[in-house]
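Undergrad: Next up is a structure, given as structure tokens.
Derivation of every value follows stated rules applied to the coordinates shown; laboratory data play no part. Worth saying up front: this structure is predicted, and the values here are computed from it rather than measured. Neighbour counts are summed over all protein chains in view; Cβ atoms, including those assigned to glycine, are modelled from backbone coordinates with ideal geometry.
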Amino acid sequence: MYFFVSLLTSCTPYRTQAPDIDLERVHRSGAHRLAFDPAGKRLASGGLHGIVHLWSVEDGSAITTLAGHKDAVRGLAWLDDERLISADRSGGILLRQLSSARVVSSVQLAAVSSMALSPDHSWLLVTGGTRLYKLALPSLQTLGQRDVGSRLLSVAVSHNTGRIALSSRDGRVRLLDTNLQDIAELPRPSRDALDLRFSPDDTTLLAGGWFRLLVWDLRQQRLEERPTEHLGKVISVDISPDGERWLSLGRSTDSNVRLIDAASNRVLRRFQAQDLCGWQVRFSPDGRYAASAAEDGSIHIYDLSQPYRPVVPYAEFDD
């Protein structure tokens, strides 16, 4: 598997940019989730074995390590500058005070696959199996739940807190209100919708899919499936704070990151692939940085304020 993925990712014909900071194999067996702090100065990462690390975005230095989870991290979110929420695959959710590493509140659900924080940070959405949970913050008490009858893939909350987006294995992509009741069902994509993200003005919903970016115009309830350079599943996407750029990350046969112009779909920057399958990609809150995490346990950080510096990814030989 390692040889197969490495061969595909290293033999890309494109020039790519190396990361400004390369944290190599910092999570044993896989780095799965990322979250920038509100100021964009620290980056939290969660791995396969439940460990959460905090890093300095400026120089990549380690700040602290948090244990406490027994399974792969499936959700990370900063409640504020000093409190971090983390969730693992087995359903454990922890809210911790970082200055002391003290667990402020916790809850045990049946499972967790994805997580989304409300813009006002007063509640949290968590998916697990076929169920969607709404939890109060900071108590983590259950405010509501719903079983949709199909395995949930991703959840996102709009920036004005008025709508929730939910995708599931049966191909449905729904919009819900904050009481978890249906508002509308969006046009069905031809492939699973992964890592749902609202644009800052809440007029666009973006997701990854096999070989495609899935783009819903929420004003007209219209779906566009855009081609990508990725060689398989697009596991993760993100939208810049100004809404003008997107990030995409490959999973199955390609761990490349692309920076894309949202209006034209033109690739603005091509970033160096990680050695194994991608897991997540995120912008910092100010849009200056991008970070990606992958199955090889590494984290790449890019400073987008610096000039683009692509290089040939492999040696060129004369005939």
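Undergrad: Determine, from the Cβ-Cβ distance of residue 136 and residue 286 and an R0 of 30 Å, the FRET efficiency 1/(1 + (r/R0)^6), rounded to the nearest 0.05.
TA: Efficiency, rounded to the nearest 0.05: 0.55.
Undergrad: Another question, then. Hey, what did the chain get for relative contact order, percent, Cα under 8 Å, at least 6 apart?
TA: Numbers: 938 pairs, mean separation 54.7, N = 319.
Computed over the chain, the figure is 17 percent.
Undergrad: Same structure, new question: So what's the convex hull volume per residue for the Cα atoms of the chain, in Å³? Spell out each step's value before the answer.
TA: Values: hull volume 40.7 nm³, N = 319.
Normalising the Cα hull of the chain by residue number yields 128 Å³.
Undergrad: What do you get for Rg/Rh of region 205-292 when both radii come from the Cα atoms and Rh is the Kirkwood radius? If you can, show how the numbers build up before the last one.
TA: Values: Rg = 12.2 Å, Rh = 12.9 Å.
When Rh is taken as the Kirkwood radius, the ratio is 0.95.
Undergrad: OK, next. Which whole-number percent of Cα pairs in region 19-74 have a distance greater than 12 Å? Display every interim value, and only then the final one.
TA: Values: 967 of 1540 pairs.
Roughly 63 percent, rounded to a whole number.
Undergrad: Tally Lys and Arg at +1 and Asp and Glu at -1 over the other residues with C-beta under 15 Å from the C-beta of residue 309: what net charge comes out? Walk me through the intermediate numbers first.
TA: Values: positive: 15, 269, 270; negative: 20, 22, 303.
That works out to 0.
Undergrad: Between residue 217 and residue 244, what is the label-to-label distance in nm when each label sits 7 Å out along the Cα-to-Cβ direction?
TA: Label at residue 217, label at residue 244, 2.2 nm between them.
Undergrad: Next question, about the same structure. Note the full-extension length gain between residue 201 and residue 67 as 0.36 nm times their separation in residues minus their Cα-Cα distance, in nm to one decimal.
TA: Gain on stretching residue 201 to residue 67: 44.6 nm.
Undergrad: Measure off 7 Å from each Cα along the Cα-to-Cβ vector at residue 184 and residue 29, then give the distance between these two points in nanometres to one decimal.
TA: Here the answer is 4.3 nm between the modelled labels.
Undergrad: Further, regarding this structure: How high is the FRET efficiency from residue 224 to residue 268, r the C-beta distance, R0 22 Å, rounded to 0.05?
TA: Numbers: r = 19 Å, r/R0 = 0.86.
Plugging the Cβ-Cβ distance into 1/(1 + (r/R0)^6) gives 0.70.
Undergrad: Can you return the aspartates and glutamates within cross-link range of residue 233? Criterion is Cα-Cα under 12 Å, with same-chain partners fewer than 8 residues away left out.
TA: Those aspartates and glutamates meeting the cut-off are 192, 195, 254.
Undergrad: Next question. So, with +1 on the Cβ of K and R and -1 on the Cβ of D and E, and no other charges, what is the size of the charge dipole of the chain about its Cα centre, to the nearest 20 debye? Walk me through the numbers on the way to the answer.
TA: Details: 37 positive and 38 negative charges, 187 e Å.
The dipole magnitude comes to about 900 debye.
Undergrad: Sum up the charges of everything whose Cβ sits under 15 Å from the Cβ of residue 70, counting Lys and Arg as +1 and Asp and Glu as -1, but leave residue 70 out. Intermediate values should be presented prior to the final figure.
TA: Values: positive: 28, 74, 89; negative: 71, 88.
Computed value for this residue: +1.
Undergrad: Between residue 18 and residue 150, what is the label-point separation in nm under the 7 Å Cα-to-beta-carbon projection?
TA: 4.5 nm
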